[in-house]
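Participant: Let me begin by handing over the structure; questions about it come next.
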Amino acid sequence: MKLITSLTLIFMLLGLCACSKTETTTAPAGAPSVAQEKKPAPEISVVSLATGAPLKLSELKGKVVLLNFWATWCPPCREEIPSMMKLVTAMNGKPFQMVAVSIDEGGKADIEAFFKQTGFTLPTYLEPTGAAVKAYGVTGVPETFVIDKQGILVKKVIGGLAWDSAEVASFLDGLMK
């Protein structure tokens with residue numbers, strides 16, 4: 001009985017590791033596949049929350065890109081934001097770009113209110129059509145994709161992570177060489 005209770009508790013905790021607001025679907029035969037490690041990162045176009053300027057992922061070739069899908073209502077997303085802020089500061093001046101794509105339905109107003117309330121900041125982008133979420137096969141948030149300087153998806157991370165850790169910095173620095 002203790003084993004069943006323990007296993008139930010473990011599975012409940014694992015379920016809290018990421019927030020889900022999207023449905024998982026299987027692509028029909030012949031449909032384009034979603035992002036896969038060791039393959040070219042799918043092209044997406046997003047709009048900067050701060051400036052309103054459009055950005056195509058392909059414009060960032062030559063930089064290591066941390067493409068993060070997140071939402072203000074997601075507890076694991078909120079937990080990882082401070083470490084992401086530290087990572088952006090640590091990578092300043094290096095060939096690195098964070099692209100934090102918010103999936104909030106309230107758009108710019110909700111995100112700006114969240115940043116004002118929490119004091120958080122991220123290089124945030126909007127993509128209201130959902131095309132980016134589909135292209136990357138995002139099933140919940142946070143989900144993060146690390147893309148190398150050649151535009152190849154090298155790592156997919158599901159759930160929150162301490163982005164300011166020495167291991168992450170070493171991994172990203174290795175991709176920048």
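The values are calculated or read from the model by the stated rules, or taken from the named source; none is laboratory data. Quick caveat, the model's predicted, so the values are computed rather than measured. Heads up, the Cβs are rebuilt from the backbone with ideal geometry, glycines too, and the neighbour counts pull from every protein chain shown.
Participant: Considering Val168, Val146, which residue is crowded, with 17+ Cβ neighbours inside 10 Å, within 17 Å of the chain's Cα centre (by Cα) and outside any strand (DSSP E or B)?
Facilitator: Val168
Participant: Take the residues in region 83-101 that are under 17 Å from Val157 (Cβ atoms) and in contact (Cβ under 8 Å) with a residue 40 or more places away in the chain, then tell me which one is surrounded by the most Cβ atoms within 10 Å (Cβ to Cβ).
Facilitator: That would be Met84.
Conditions tested, residue by residue: (1) at pLDDT 95 or above; (2) farther than 28 Å from Gly52 by Cα.
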residue	(1), (2)
Lys116	yes, no
Val138	yes, no
Gln150	yes, no
Leu153	yes, no
Ala162	yes, yes
Phe171	yes, yes
Lys177	no, yes
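Participant: What tally of residues in region 122-138 results from selecting those that are closer than 17 Å to Ala41 by Cα and in a loop (DSSP other than H, G, I, E, B)?
Facilitator: Qualifying residue count for the region: 5.
Participant: How about region 110-168: which of its residues are in contact with a Lys or Arg (Cβ under 6 Å, 6 or more places away or on another chain), closer than 21 Å to Ala90 by Cα and not aromatic (Phe, Trp, Tyr)?
Facilitator: Result: Val146, Asp164.
Participant: Here is a list of conditions, (1) polar (S, T, N, Q); (2) in contact (Cβ under 8 Å) with a residue 40 or more places away in the chain; (3) surrounded by fewer than 19 Cβ atoms within 10 Å (Cβ to Cβ), and Thr121 meets all of them except one; can you say which number that is?
Facilitator: (2)
Participant: In addition: Search region 58-70 for residues being among the hydrophobic types (A, V, I, L, M, F, W, C) and touching a Pro at 6+ places or on another chain (Cβ under 8 Å), and hand back the single one that is surrounded by the fewest Cβ atoms within 10 Å (Cβ to Cβ).
Facilitator: Filtering first and then ranking leaves Val64.
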